[in-house]
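Quick notes on the structure that follows.
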Amino acid sequence: MKFKYQAKTREGENQVGFVEAPSRDVAASILSSHNLFILTLNEVGKEGFFQRFESYFSKRLKKSELVIFTRQLAMLLEARVPLNTSLKAIHEQSQNPILKEAALEIAEDIDAGLPFSQAIERQPEIFSGFFSSMVRSAEITGNLENVMNFLADYLEREYSLQKRVESALIYPGMIIGLFIVVSFILVAFVIPQISPIFRDAGVNLPFFVMILVGVGAFVGQWWPVVALGLFFLALFAIDYFQTPEGKALKDELKIKLPMLKSIYLPLTITRIANSASMLLRGGVPIVQSLEIIGETADNVVYKEIMHQIAEEVRQGQQISASASKYPEYFPSTVTQMIAVGEAAGQLEQTFSRISVFYGREADSVINNIVELIQPVLIIGVGILVGLLFSSILLPIYQLIGTIR
């Protein structure tokens, strides 16, 4: 269950946010344990199908626009322009209506007394959990300018990699699209027309050709139903992955699937290490730093692991020993580097080195995958094309043999 709360800290600051708990009493206990005085605590109703589907497509911002927003905000903050004034300036200058509205709403929330991080969290369609977590870390440590510059660099790098992948997929995508169209025409209309000729001539069709004939007959007769079914299947998939269960499954697949894991694991470790380094540099105690990282993790699996590690560290265990219990999520290189940092009393520098090391590893993996995408897809499509046309040519050769 998800609850929306309004509370005050011991310092008298207002806080608005969400907390997940099995009941309202448990949610209240969680907030109280964080030294918050609860003003309101209400359960958030579950979104229906159409609300989730609408939220998936509405208020979407291009990554390039988010990069520009972050870079502009970083430059204005470096020039010592107040945060609220910076946001209003971006609102006035931006040509994107979604960004204009978001910047104005965030500025109004800050005027109303909300921290910058909470104002951003109220725009989940635009700002990711990672973005808001880094801003929260900056508020705690007091280095918002540095964090905004880091986010701008990080988003620019992600956008650059995304454009490279898209460029690498243009040519294979055109080939795959053409292959799908040609395959549909052959399977749905051509094969059903010529298969009676082979059957009357007594030609023994290969097994995979018989499968294509059967599929072609079905698709040729029921193709509107098939198209409608695929459409609703796509809608169901989009809706499911917006639910808590779907998000949990998606997060688990990111770690379990080999190809995704090779990219996602180093990126996640880079984010965690960078957040830990900045929090420790700002003087935040290690246990509180781990709890903050867990609260703001954008993966439910890592969220639970970081909370468990924080609890064990609170009880006197070392971070490296606790993290080593999860070798699938924290490689031995990470735990060994943390152990050295703990022994030397240089955890902040160690986390910074881990962030740099795994950031380079993520870049290397992504670069290799981008270079392999085109040849692998072209070879795969070539094999499929060969199988498809052989399913027509082989029966023709056999038919010619029977005529002779």
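The values are calculated or read from the model by the stated rules, or taken from the named source; none is laboratory data. Everything quoted here is computed from the prediction, not taken from an experiment. Cβ coordinates were reconstructed from backbone atoms using ideal geometry, including for glycine residues, and neighbour counts include every protein chain displayed.
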Check your understanding: Residue check: is Ser94 at pLDDT below 90 and in the same structural domain as Met148 (by TED's automatic domain parsing)?
Key -> yes
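Here are Ser324, Ser352, Ser320: which of them is in contact with an Asp or Glu (Cβ under 7 Å, 6 or more places away or on another chain), at pLDDT 85 or above and either under 30 Å from Leu290 (Cα atoms) or not aromatic (Phe, Trp, Tyr) (or both)?
Ser320
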Review point. Is one or more of the residues making up the range 70-82 in contact with a helix residue (DSSP H, G or I) (Cβ under 9 Å, 6 or more places away or on another chain) and modelled with pLDDT under 85?
Key: no
Check your understanding: So which pairs qualify, if the first residue must be in the range 391-403 and modelled with pLDDT under 70 and of a type in the set (Ser, Thr, Tyr), the second must be loosely packed, with under 11 Cβ neighbours inside 10 Å and not in a helix (DSSP H, G or I), the Cβ gap must be under 7 Å, and the two must be at least 6 apart or on different chains?
Key -> Thr402/Gly202
Check your understanding: Residue check, Gln242 against (1) surrounded by 13 or more Cβ atoms within 10 Å (Cβ to Cβ); (2) in a helix (DSSP H, G or I), all met but one. Which one?
Key -> (2)
Point to revise | From Glu47, Glu11, residue being out of contact with any strand residue (DSSP E or B) (no Cβ under 7 Å at 6 or more places or on another chain) and either within 25 Å of Glu304 (Cβ to Cβ) or modelled with pLDDT of 70 or more (or both) | key: Glu47
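Could you check, for the range 152-174, whether at least one of its residues is of a type in the set (Val, Ile, Thr) and without any contact (Cβ under 8 Å) to a residue 12 or more places away in the chain?
Pass one, the range 152-174, residues of a type in the set (Val, Ile, Thr): 165, 170.
Right, trim to without any contact (Cβ under 8 Å) to a residue 12 or more places away in the chain and you get 170.
Within the range 152-174 (the criterion being of a type in the set (Val, Ile, Thr) and without any contact (Cβ under 8 Å) to a residue 12 or more places away in the chain), the answer is yes, since at least one residue qualifies.
Residues in the range 213-234: is at least one part of a helix (DSSP H, G or I) and in contact (Cβ under 8 Å) with a residue 40 or more places away in the chain?
no
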